């Protein structure tokens, strides 16, 4: 089963719209979830991890965090927004001692008007070798103040 085709995300009636950028079909089919769901101007982005388009895991926390933020950015752009629209981040870390390095990378992507953020330590993530997972909630257009 393929994810639904791209839809006009300016849906004033708040109906649920699945967001699955090109290349995420394998995840949609194998694991049964969307990369994001948009209802009205709110977007709930599934956890993004430090893999590239070939599912290769980045080496070390900085490379994985960078790839995870790049994946997050790709999904939120597909939904019609940007990283500036994020109102909440939740990050899952297999080692809380990596927070300084993670925060350095986070600052490359989110430079101001910081969203709410919760960092959670976990024993493991979905694939062996993953160090961090980032999920987010965004409100499209909220970066205008």
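Read-outs: derived from the displayed coordinates by stated rules, not from any lab. Computed from a predicted structure; not experimentally measured. Cβ: placed from backbone, ideal geometry, glycine included. Neighbour counts: every protein chain shown.
Side notes on the structure shown:
- Against the chain, whose longest principal axis is taken from its Cα atoms, helix 99-109 shows a tilt of about 40°.
- At full extension, residue 124 and residue 90 could sit 10.7 nm farther apart than now, given 0.36 nm per residue minus the alpha carbon distance.
- Cα-based helix-to-principal-axis angle, 60-78 vs the chain, degrees rounded to 10: 0
- Note on the chain: helix-only mean residue ellipticity at 222 nm, from DSSP H runs of 4+ residues weighted -39500 (n - 2.57) and normalised by residue number, equals -8000 deg cm²/dmol.
- Dimensionless Rg ratio for the chain, taking C-alpha atoms and the 2.2 N^0.38 Å reference: 1.02
- Computed extension gain for residue 113 through residue 99, at 0.36 nm per residue and net of the alpha carbon distance, reaches 3.1 nm.
- Overall form of segment 70-143: prolate. Here a/c, set by the Cα gyration tensor axes a ≥ b ≥ c, is 1.5 or more, and a/b is the larger of a/b and b/c.
- Only Cα pairs under 8 Å and 6+ residues apart enter the sum, and on that basis the relative contact order of the chain stands at 27 percent.
- Cβ crowding within 10 Å averaged over residues, with 67-77, 112-122, 31-41 ranked highest first: 67-77, 31-41, 112-122
- Between segment 99-145 and segment 68-93, the alpha-carbon center distance in angstrom: 8
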